[in-house]
Amino acid sequence: MRGFLDWIMDPKRRGAMLIAPAIILLFVMNIFPLMWSFGLSFFHYKASSMKPPSFAGLYYYEKVLSDPVVWERFQTTALIVSLSVLVQMIFGFALALLFSKKFPLRREIMMLVLTPMMLSFVAVGVFFKLFYEPTFGLVGQAFKYITGETLILLSTKWGAIAGIVIADAWMWTPFVMLLVLAGLVSVPDYLYEAAEVDRATKWERFKTVTFPYVKGLLLLALLFRTIETFKLFDVVYIITAGGPGTSTETIAVYVYRMAFQFFKTSQSSALSYILLFVVIVLTNLYLYFVNQREQET
Amino acid sequence: MSIFGKGRKKHALREAGWGYSAICGAIGLVYFSPVLWIILTSFKTRQDALATPPAFFFTPTFDNFVRVFYRLTSEGEQMATGMGLFFFNSIFIAGAGVLLAVIIGTSAAYGFSRFPLKGNDTYLFVILTTRMLPPIVVIVPIFLMFRITGLSGSYIGIILLYAMFNLAFSVWMMKSFFDELSTDVEDAARLEGANEWKVFFKICLPQLKAGIAATSVFALILTWNEFLFALLLTGNDTRTVPVAMARSMGGQLGVDWGLLAAIITLFLIPVFIVTYLLQNHLLRGVTFGTVKK
């Protein structure tokens, strides 16, 4: 026992022992299950039936990758991600510029804008579902007041996509704003003074002084939001449940239905691994730029 | 972080007056209006909630808030709706999961920051990836595992899962705080003969009180809001509030908006308080500690 304690307390193992509990928990609750499902993706297996799994090789990967439905879901996801992230970047930047001044009650007013990103996806889904309600929702009523027609926003493909994009962008625009603002306040004063001496126009000053300080953070915001929006599930689940038809079914909703409504366990595991690969690539890219930024500053 | 103009600042923000405040305030209110509308709706009667044109002025009622916890049976008796239990579950599960994650995460962050291993960056990358993964990718195998081990629907299962869910976040957040801390004091203490326990508990942790608080509170909110894991892995007795909210959307008789709005209003109160308290750590929190300033 004494020897064992000494072995653990050995300064050589200090780092390893400190992180061991974390690694063990992650292994049991995350990495092991992932490896298990990696295994399952090579077998015929249905979680709802009692049949023992039988070997399938790469069958499910071939099936998933050659399935036009999967590609359709990827396209839907890509469409929602790019629209939503674009809106977030534009409005986030604008709001950051707005708040890059010092004025009375700035802290309090900024809280109004920052709060949405701390809310639950489910709550945000409910807000916007109430807004889009055709007869008594605010959007529906405003539309009827202006055009005299009833707007059933979620009944068409583009309407439903717009509905989801607005909700998601509303929630995450503050995130972009926060990052851009951090860039804006990090510009050293002497650069602005130098620009003034050079009689630079406002646009030139923005392009040569301000933007370089924001660029790195903007890129981080773009990547981070892309990874996060790629997982979009809750908002879609609440607002449209993937409808009308399957026109707003994102890849996450698709995997959910495949795994828990149709119990195609092997197939959903194979698709999950493809998602995992995408996320690993994006996360790597994100950390690369994080490190690059840290070295610059 | 200095977005609020505090701390070490390089760039003095230009001053603007009350007029500018008014403009920003108006924009802020418009931005916040979805939240305000839900809060208003929670004080409306059923008629007011469904009124056309929308009722901006009405006599407020607390009826919805009572109905969150009690409903009248056909015999006119008051009966608990179970919502009280779901609120308790949300608090208990998030609290226990986060406590576990922050303890384990702080220890790991200290290790990563002070005693780097070979392949430190790889470990950190793997840990971050587990958090970046779509929850749906993780949930399929965990669902199967919980079914076999009987953890499905139990407190211990969902608490362990949330501990894992928050671990990556805690490690990265706490590491960013440890990295900022100067090691001079620690080294001095070591030279004076303090042992490692003392260095960690008496020197490091007291300096990081604010960081630990921010990490815990942030993780609490992330867990409080979490939906997909809770949807699939909690049972009738362990259900959390977001799942209960989603379920009350799917009713056959149409959605009872006043009631739903009241649930959401209650659900959001802790979020508002926490967001206000966390202001200075928001940037670090939402980026998992990867962007500090």
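Assorted remarks:
- Output for segment B:11-26, where each listed residue is among the aliphatic types (A, V, I, L, M) and at the interface with another protein chain (Cβ under 7 Å from one of its Cβ atoms): B:A12, B:L13, B:A16
- Any hit, segment B:246-264, residues being over 22 Å from A:Y132 (Cβ atoms) and either open to solvent by less than 20 Å² (accessible area, probe 1.4 Å) or free of Cβ contacts under 8 Å to residues at least 40 places away in the same chain (or both): no
- Hits in segment A:163-194 (condition: within 18 Å of A:P116 (Cβ to Cβ) and open to solvent by 10 Å² or more (accessible area, probe 1.4 Å)): A:V165, A:I166, A:W170, A:W172
- Residue within segment B:85-95 that is β-branched (V, I, T), over 24 Å from B:V255 (Cα atoms) and crowded, with 17+ Cβ neighbours inside 10 Å present: yes
- Residue within segment A:218-229 that is under 30 Å from B:V35 (Cα atoms), open to solvent by 10 Å² or more (accessible area, probe 1.4 Å), of a type in the set (D, E) and more than 20 Å from the chain's Cα centre (by Cα) present: no
Let's see how each residue does on (1) among the β-branched types (V, I, T); (2) in a helix (DSSP H, G or I); (3) within 14 Å of chain B (Cβ to nearest Cβ); (4) open to solvent by less than 40 Å² (accessible area, probe 1.4 Å):
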{"position": "A:L34", "(1), (2), (3), (4)": "no, yes, yes, yes"}
{"position": "A:M50", "(1), (2), (3), (4)": "no, no, yes, no"}
{"position": "A:G57", "(1), (2), (3), (4)": "no, no, no, yes"}
{"position": "A:W71", "(1), (2), (3), (4)": "no, yes, no, no"}
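- Some residue of segment B:84-97 being modelled with pLDDT under 80 and among the aliphatic types (A, V, I, L, M): no
- Taken together, A:E149, A:E133, A:E108 contain a single residue that is closer than 28 Å to B:V217 by Cα, more than 7 Å from chain B (Cβ to nearest Cβ), more than 24 Å from the chain's Cα centre (by Cα) and open to solvent by 10 Å² or more (accessible area, probe 1.4 Å), which is A:E108.
- Qualifying residue in segment A:187-197 (condition: of a type in the set (G, A, S) and at the interface with another protein chain (Cβ under 10 Å from one of its Cβ atoms)): no
- Qualifying residue in segment A:3-26 (condition: in contact (Cβ under 8 Å) with a residue 40 or more places away in the chain and either loosely packed, with under 12 Cβ neighbours inside 10 Å or under 30 Å from the mean Cα position of the chain (by Cα) (or both)): no
- Meeting the requirement of 1 or more residues that are surrounded by 21 or more Cβ atoms within 10 Å (Cβ to Cβ), at negative phi and within 8 Å of chain A (Cβ to nearest Cβ), the helices (runs of 4 or more DSSP H) wholly within segment B:126-238 are B:135-149, B:155-180, B:209-225, B:228-233.
The values are calculated or read from the model by the stated rules, or taken from the named source; none is laboratory data. These figures come from a predicted structure and were not determined experimentally. Ideal geometry is used to build each Cβ from the backbone, glycine not excepted, and the neighbour counts take in all protein chains shown. For the accessible areas, the whole protein counts, side chains as well, though only heavy atoms, and no ligand, DNA or RNA atoms are used. Shrake-Rupley method; radii C 1.70, N 1.55, O 1.52, S 1.80 Å.
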